[in-house]
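Below is one structure; the comments refer to it alone.
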Amino acid sequence: MKKRIAILGATGSIGTQTLDVVRQHPDRFEVVMISACSSVDLLAAQAREFGVRDVVIVREDLYGELSSKLPAGSRAHSGGNALEELVCSPDVDIVVGAMVGFSGLRPTLAALEAGKDIALANKETLVAAGSIVMNLAKRKGAKILPVDSEHSAIFQCLQAAGDNPVSKIHLTASGGPFRTWPKEKIETATAADALKHPSWDMGAKVTIDSSTLMNKGFEVMEAKWLFGIKDVNVVVHPESVIHSMIEFADGSVIAQLATPDMRLPIQYALGYPGRMPLDTARLDFRNLNLHFEEPDTRRFPCLELAFKAMERGGNIPCALNAANEIAVKAFLEGKVRFYDIPRIVFEVMDSACFIAEPSTDDIFSTDSWARARAIECL
Ligand code: MG
C-alpha cells in the first residue's frame, strides 16, 4: 500500500525536493494534500502532475486564482484553518513539515494532535516550542522523523547504537559563505553575498540563518529535543560530506557521509525504516579531503546567542526565533546590516519576560511580543 503524504510548504526547496522523491518512487508514495503560502502557479502545476486532491493556499486573497487554475479532481482551500483541518484527514499517513519559520507550528501541532507522523524540516517549530511538540508527539504515539540533514545523519547513526547510550553528538556545520571572511568584511555583507551558500541550495531564510550560524544554533536545540542528548558539539566542516556524528562512552564515533543532496534525508524520513535507491552523485574517497575547525563565535555571535537561549530555556528560544525572523526579513530587504541581526536578537531576548514552563498560549504570545519588540529595535 502506498504511503499517503501531506506536504506543508510544497513549493519551497524541501517541498519541491519531496515531490522529486515521490516522482522517483511512484509505487511507494501518493500525495493527497499540498500547501503553499502564495505560489499559486507552481502549486497548481504540482496538483496537476501528482493528481493531488486537496490544495491549500494560505493567503486567502489568492483563493479565487488558485481555484480557477486547478484541474478537475483537485479541491482548492485557503487559510491556516484549512491547513489545520486537512492535515488531520484520515487518509494522511505522514505530514512533511516544510513551512518556513514559526508559521509551521500550528499545523504541526494539529497533525500531532491527530496522531500523524511528521517528517520535520521546519526546525523553528522545535526551537520555539520543543517541549510542547515532543510531549504531544509522545502522548499521541506519533513519530517525528528528522529531515534536516544533520539530524537525519544522527538518526541514521543511532540505528547502529542499539541500547548503548550516546555520550556526545558532533553536529557538523558548513560554516556558511562568510567562513573565511574577516569581521570587518562581514560587517558590510549584503543579502546577495549571504545567499551564496557554498554547499547547499536552500530557501532564503535558512540560507541567511546559515550565514549567521543561527541555523546551527537552532540545530543544536533541535538535536536536544529530538534525541534528548545534552552534549552537542558544533564542528565546522566546509565540505559538507559528514552530515553529523555520534560518540559513545568508549570513544568510538559513528558518522553518516554522503554528497550533499537534501533528497536523501527526505526519502529516508519518508521511507523509514527502509532505504530506497537515489540518483545522486556517489562519494569518491580518493578525492576526498575533509577539514574541520572550531566555530568562531566572535564573528558569528548568533551561535552564542542560541546557546544562551537554550541555557535559559522556557520561552526564551521562542523569543530568539521571533526576533531572528524579523531581523532576517529586514536584512533580506536591505533595511539592516548583517550584525544588526544578532543585535536585535540580543535586545529582544534580553528584555523578554521569562516563563519557565510555557503553555501553547504562552508560546504564541511570546512570539507576538518578540516580533513587535524586534520591529522597535529595527
Ligand atoms: Mg541543517
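Within the stretch 152-165, the residues that satisfy the criterion of being open to solvent by 30 Å² or more (accessible area, probe 1.4 Å) and either touching a Cys at 6+ places or on another chain (Cβ under 8 Å) or in contact (Cβ under 8 Å) with a residue 12 or more places away in the chain (or both) are Phe155, Leu158, Gln159, Ala160, Asn164, Pro165. The condition (being within 17 Å of the chain's Cα centre (by Cα) and either modelled with pLDDT under 95 or of a type in the set (Phe, Trp, Tyr) (or both)) is satisfied by just one residue among Tyr339, Tyr268: Tyr268. The condition of being at pLDDT below 95 and under 30 Å from Leu305 (Cα atoms) holds for Val100.
Of Ala356, Ala372, Ala330, Ala323, all but one fail to be under 22 Å from Val100 (Cα atoms) and either modelled with pLDDT under 95 or exposed (fewer than 15 other Cβ atoms within 10 Å of the Cβ) (or both); the exception is Ala372.
Matching residues to (1) in a helix (DSSP H, G or I); (2) over 21 Å from Ala98 (Cα atoms); (3) within 15 Å of the ligand (Cβ to nearest atom):
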position: Leu145; (1), (2), (3): no, no, yes
position: Ser152; (1), (2), (3): yes, no, yes
position: Phe155; (1), (2), (3): yes, no, yes
position: Ile169; (1), (2), (3): no, yes, yes
position: Phe178; (1), (2), (3): no, yes, no
position: Ile186; (1), (2), (3): yes, yes, no
position: Ala189; (1), (2), (3): no, yes, no
position: Ala192; (1), (2), (3): yes, yes, no
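Counting just the residues of the stretch 112-143 that are buried (at least 24 other Cβ atoms within 10 Å of the Cβ) and closer than 22 Å to Val21 by Cα, which one comes out farthest from the ligand (Cβ to nearest atom)? Result: Ile118. Are any of the residues in the stretch 218-240 without any contact (Cβ under 8 Å) to a residue 24 or more places away in the chain, outside any helix (DSSP H, G or I), within 15 Å of the ligand (Cβ to nearest atom) and open to solvent by less than 30 Å² (accessible area, probe 1.4 Å)? For the stretch 218-240, residues without any contact (Cβ under 8 Å) to a residue 24 or more places away in the chain, outside any helix (DSSP H, G or I), within 15 Å of the ligand (Cβ to nearest atom) and open to solvent by less than 30 Å² (accessible area, probe 1.4 Å): absent. Every condition in (1) within 18 Å of Ser210 (Cα to Cα); (2) surrounded by fewer than 16 Cβ atoms within 10 Å (Cβ to Cβ); (3) hydroxyl-bearing (Ser, Thr, Tyr) holds for Tyr339 except the one numbered (2).
The values are calculated or read from the model by the stated rules, or taken from the named source; none is laboratory data. The model shown is predicted, which means the values in this text are computed figures rather than measured ones. As a convention, Cβ positions derive from the backbone with ideal geometry for all residues, glycine included, and neighbour counts pool all protein chains shown. The protein model used for the area step is the full one, side chains on, heavy atoms only, and it has no ligands, DNA or RNA in it. Shrake-Rupley method; radii C 1.70, N 1.55, O 1.52, S 1.80 Å.
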